[in-house]
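Notes to accompany the following structure.
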Amino acid sequence: MFHCVIDETHKISTLFGWVNVPSAAWIDEEGRIVRINEGAYAGEHHIDKVVVSIKFGSTAFADATRDWVEKGADSEFVWSADEVQDHLKPSSESTLLADPTFKLGVYFKRQGKEARAQKYFAEAQRLSPGNWNYHRQDWTHKGQVFALRKWYEKVTAPGAGRYYDKLDLAGLPELGATKLDFLWTSATRKIRGLFGLGRS
């Protein structure tokens with residue numbers, strides 16, 4: 001049975017230290033985490049959104065998961081306790097403060113108090129700029145076009161960090177990076193301009 005969790009306040013992300021979703025953790029029958037903080041795409045994805053084509057993901061993580069399910073602790077993809085520790089995201093005073101600040105934004109958003117919600121969303125993003133959950137949930141409230149434009153600006157900015165660590169999967173291909181392609185037609189030129197991009 002497949003369970004889909006809707007986690008508007010990112011409670012689960014907070015507990016696992018995830019800075020972007022979807023992310024994954026492997027937890028064995030004894031409750032031990034044996035992999036964590038990785039992009040959890042099950043395959044290659046291709047989404048067309050009127051003026052943009054988005055490609056992301058690969059089969060690498062799914063293949064490794066199948067190997068773990070079959071072999072358990074003997075799978076070559078299982079990490080030691082030290083390796084799991086190395087992949088946990090470090091926290092600081094500002095990142096710890098960012099989480100309740102973000103959750104206040106979610107609370108006020110639910111109450112219909114937009115200005116107060118935006119104040120807390122902005123402060124959470126300032127306190128923890130590397131946490132994509134805070135950015136993306138805020139952007140999504142303003143529509144898909146706005147969210148996609150802001151994501152593109154941030155992910156392509158000089159010095160932008162990765163929101164997924166590089167997959168450490170021996171013998172399997174690297175997780176495919178997200179690729180954004182624009183569909184160039186005169187009818188969509190104005191909309192493409194929202195992204196601040198010219199013809200490539």
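What is the extension gain from Arg110 to Arg66, computed as 0.36 nm multiplied by their sequence separation minus the C-alpha to C-alpha distance, in nm to one decimal?
Roughly 11.9 nm would be gained on extension.
Counting pairs of alpha carbon atoms under 8 Å apart in space and at least six apart in sequence, what relative contact order in percent does segment 62-120 give?
Normalised by residue count, the contact order of segment 62-120 is 18 percent.
Counting other Cβ atoms within 10 Å, keep those with at most 14, restrict to DSSP loop, and tell me which GluC sites (Glu not before Pro) in segment 48-111 are left.
Glu76
Between segment 100-142 and segment 18-47, what's the alpha-carbon centroid distance in Å?
Computed from Cα coordinates, the inter-centre distance equals 24 Å.
Only the coordinates and a few stated rules stand behind these numbers; no lab work does. Everything numeric here is computed off the predicted structure, so don't read it as measured data. Every residue, glycine as well, gets a Cβ built from its backbone with ideal geometry; the counts of neighbours run over all protein chains shown.
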